[in-house]
């Protein structure tokens, strides 16, 4: 048998176990930094395969290392392990058994694919160097990647390049896409509190009106992208919550305005925050209310190194042929793999899992990871290792 046929046969043989493991993780979702059961499953599987395993990195993170040959070169392959905090409504036999917790973004599939890749790479991929398999906690808004980095991830496990794969329901099942440069947006969240004395709704002249000020502010905030950001750049600002008042005849003493901003260029990010703060100050002054702004830049943009994006596409093409392509545009969703890409060159790739019109989106209560693409994800990780750590002369 040719090498690619050997690997395809190996993937087919390990898929039942990997799919069963994925569904077990799906049925037992764990939130950020609570992934103790999931990490335990990962650790047990890695040790059964004879790898060097380190636990507790950045909280519940796990890293396993596999070495072949004599080269000092190294690559990192990352999967996220955490679930989301809302209710699943799939009705599947392996639906979440933990109320209010749900693998609604496919991290169960990512973890399973990387565990499958460990087995394939150990047994069937010749390479010269070290592969670090990185199982990360707390991707969903809690910056588990940064926690692992702060805990010495890349000092303890040096990587010349680092890669990650995310399922993507917007693409047909089995289609790979990535791009050089930004692929996912920087994510900021803001909370603005407007305060006044408050008073009787029939006597508005006796107090400032925080609700009126908030209404004015929401309109103004929605002009930032269209009037402060150059038309050649891309950004989004959305107000997602306005909260204030408790009854019909009282002008409340405080109103909260919350939302998010997404961008790709650092100077655009600066412009958005500066403009928001200026608008809040102006509205507060014109309406005679107090104002407090909390602006949190929680995830940077996910930016692929050019040479690594090309390697990711080449690895995908080796697995999926013409189903691998350059993404025409970046996504406005965010990803904390961005912290790893700030520390080490690498690339982030999408693997289509859509099953046609109406496929449930990520973070949808009807979503489930598509097990049909599991083998492709396993093969992609192996293809990357073969390419990046090719023995001399190959």
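Kindly establish whether residue 327 is modelled with pLDDT under 95 and closer than 18 Å to residue 184 by Cα.
Values: modelled with pLDDT under 95: no; closer than 18 Å to residue 184 by Cα: yes.
The answer is no for residue 327.
For residue 145, the criteria (1) touching a strand residue (DSSP E or B) at 6+ places or on another chain (Cβ under 7 Å); (2) assigned to a helix (DSSP H, G or I); (3) more than 23 Å from residue 298 (Cα to Cα) hold in every case but one, which is (3).
May I ask you to verify whether residue 28 is buried (at least 17 other Cβ atoms within 10 Å of the Cβ) and more than 18 Å from the chain's Cα centre (by Cα)? Spell out the reasoning first.
On the way: buried (at least 17 other Cβ atoms within 10 Å of the Cβ): yes; more than 18 Å from the chain's Cα centre (by Cα): yes.
Yes; evaluated as a whole, the condition is true for this residue.
Being in a strand (DSSP E or B), in the same structural domain as residue 363 (by TED's automatic domain parsing) and surrounded by fewer than 18 Cβ atoms within 10 Å (Cβ to Cβ), is that true of even one residue in the range 155-178? Checked against the condition, which is being in a strand (DSSP E or B), in the same structural domain as residue 363 (by TED's automatic domain parsing) and surrounded by fewer than 18 Cβ atoms within 10 Å (Cβ to Cβ), the range 155-178 yields at least one hit.
Among the strands (runs of 3 or more DSSP E) contained in the range 1-109, which hold 2 or more residues that are at pLDDT below 95 and in the same structural domain as residue 378 (by TED's automatic domain parsing)? Walk me through it before giving the result.
On the way: elements: 52-57, 61-68, 74-80.
Correct list: empty, since no element meets the threshold.
Being under 26 Å from the mean Cα position of the chain (by Cα), surrounded by fewer than 17 Cβ atoms within 10 Å (Cβ to Cβ) and assigned by TED's automatic domain parsing to the domain that holds residue 276 is the requirement here; does residue 238 meet it? The answer is yes for residue 238.
Checked across the range 124-141, the condition of being modelled with pLDDT under 95, assigned by TED's automatic domain parsing to the domain that holds residue 370 and either farther than 24 Å from residue 378 by Cβ or within 20 Å of the chain's Cα centre (by Cα) (or both) holds for at least one residue. When residue 117 is tested against (1) surrounded by fewer than 22 Cβ atoms within 10 Å (Cβ to Cβ); (2) outside any strand (DSSP E or B), only condition (1) is not met.
The values are calculated or read from the model by the stated rules, or taken from the named source; none is laboratory data. This is a predicted model, so every value here is computed, not measured. Every residue, glycine as well, gets a Cβ built from its backbone with ideal geometry; the counts of neighbours run over all protein chains shown.
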